[in-house]
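Here's the structure we're looking at; comments come further down.
All of the numbers you see were taken from the coordinates with simple rules; none came from a lab. Quantities reported herein were computed from a predicted structural model and do not represent experimental measurements. Methodologically, a virtual Cβ is constructed for each residue, glycine included, from the backbone with ideal geometry; neighbour enumeration extends over all protein chains shown.
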Amino acid sequence: MATVITEMTMSLDGYVADPSDGVEELFGWYGNGSVEIPTVGGMPPFRVSEASAAHIRETMDAVGAMVTGRRLYDITHGWEGRHPFDAPVWLVTHEAPADPPPGLTVVTDGIEKAVGEAAAAAGDGVVGVGGGLTAQSCLEAGLLDEIRINLVPVLLGEGIPFFAGPSTAPVRLDDPYRVIQGTGVTHLYYRVR
């Protein structure tokens, strides 16, 4: 059975991007180390610390499918047709893209269907959920097993929050079962109760 996780890089004050969707202050850790991790789809390789490399490799090896919303899909330009983790993508949207690339499954009738199909494809692997609104929808539907935070030591002051007032609040998480100290980032693993 697949494990459904969401993972985001976040500022200490809870933002995943600045007010204009900028991530420059947050994504520096993807290029601040000596260990190179290749990606696919034309995205440049990650260059991270040894500890962060182990974290990324483990996730990349486990992900069997991705679920994302239209906002993140549009911001990333659909990863130019190939997600950096080389996993098939389920896009949850009200309106399909004009020319969806191969490997993209468009789901217009709910997060439950998208996660169910992605979980079947992932088998015993991981379904990665991308985007704050999509992750929140999974959380509210009781579909999310784990939240991983790449915590960056910066205060943005304002921006786009990871979770913006989930309707099921308060949401209780177990204490972090894993903490990995990278360079310029701390990776935190939480299970959803």
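A few notes on this one:
- Charge sum, other residues only, whose C-beta stays under 13 Å from A96's C-beta, Lys/Arg counted +1 and Asp/Glu -1: -3
- Near I160: Cβ cut-off under 11 Å, other residues only, Lys/Arg at +1 and Asp/Glu at -1. The net charge is -2.
- The stretch 18-85: GluC sites (Glu not before Pro) in DSSP coil with no more than 12 other Cβ atoms inside 10 Å: E24
- Using the average count of surrounding beta-carbon atoms within 10 Å as a protection proxy, the listed peptides 158-168, 122-132 rank, highest first, as 122-132, 158-168.
- Among D13, D145, D175, a tally of other beta-carbon atoms within 10 Å of each Cβ gives an order, fewest to most, of D175, D13, D145.
- Gain in span if fully extended, D86 to T108, counting 0.36 nm per residue against the direct Cα distance: 5.6 nm
- R0 of 25 Å, Cβ-Cβ distance D13-T59: FRET efficiency to nearest 0.05: 0.55
- Fully extended contour minus Cα-Cα distance, from E24 to A96, at 0.36 nm per residue: 23.0 nm
- The chain, relative contact order in percent, only Cα pairs under 8 angstrom and at least six apart counted: 32
- Stretch gain in nm, segment H77-E36, where the contour uses 0.36 nm per residue and the Cα spacing is subtracted: 12.4 nm
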